[in-house]
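Data first, discussion second: the structure below is written as structure tokens.
The values are calculated or read from the model by the stated rules, or taken from the named source; none is laboratory data. Source: prediction; values computed, not measured. Cβ placement follows ideal geometry from the backbone for every residue including glycine, while neighbour counts extend to all protein chains displayed.
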Amino acid sequence: MQGLAYLEDQLRDLLLARGADQLLIDFATRTVSDVYQRNVQAENYDFSLELPAGIDESSAEQLREGIQAGIVGIRTENHAIIVRLIAELVLAEVKIFQYQRDDIN
């Protein structure tokens, strides 16, 4: 959740710097929170592997460490992709909000 709070703060600061009004800022931060909450679960996955009998403990530990390092790498890459996609989706929703708001006024 700390990452989400940081993301919301950065978005709020960016929009303020660009002259956005409070209605747009509230919509954008609420949207980023909603989208983040819906999609962050995509990073929660589990992996298990049963090693064949006959592998000595040293080799088994080496395999476990290698697999764990691979999982961490995949999780890191996936997180970057998910954050980028969340940002793109929020930007699209903010643009739609602005267009709809401009049409009303």
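Residues that are over 24 Å from LEU7 (Cβ atoms) and without any contact (Cβ under 8 Å) to a residue 12 or more places away in the chain within the stretch 65-99 comprise GLU65, GLY66, GLN68, ALA69, GLY70, listed in sequence order. Pairs are defined by a Cβ separation below 8 Å, a sequence spacing of at least 6 or placement on different chains, a first member in the stretch 11-24 that is among the small types (Gly, Ala, Ser), and a second member that is modelled with pLDDT of 90 or more; the pairs so defined are ALA20/ALA28.
Between a first residue in the stretch 44-58 that is touching a residue at least 12 places away in the same chain (Cβ under 8 Å) and a second residue that is surrounded by 10 or more Cβ atoms within 10 Å (Cβ to Cβ) and aliphatic (A, V, I, L, M), which pairs have beta carbons less than 7 Å apart while being 6 or more apart in sequence or on different chains? Here the result reads PHE47/ILE71; LEU49/ILE67; LEU51/ALA60; LEU51/LEU63, each pair linking the stretch 44-58 to a residue that is surrounded by 10 or more Cβ atoms within 10 Å (Cβ to Cβ) and aliphatic (A, V, I, L, M). Could we say that ALA5 is of a type in the set (A, V, I, L, M, F, W, C) and either within 24 Å of PHE97 (Cα to Cα) or exposed (fewer than 12 other Cβ atoms within 10 Å of the Cβ) (or both) here? Against the criterion (of a type in the set (A, V, I, L, M, F, W, C) and either within 24 Å of PHE97 (Cα to Cα) or exposed (fewer than 12 other Cβ atoms within 10 Å of the Cβ) (or both)), ALA5 qualifies. When GLU61, GLU77, GLU88, GLU50 are checked against the criterion of being acidic (Asp, Glu), out of contact with any helix residue (DSSP H, G or I) (no Cβ under 6 Å at 6 or more places or on another chain) and outside any helix (DSSP H, G or I), GLU50 stands alone in meeting it.
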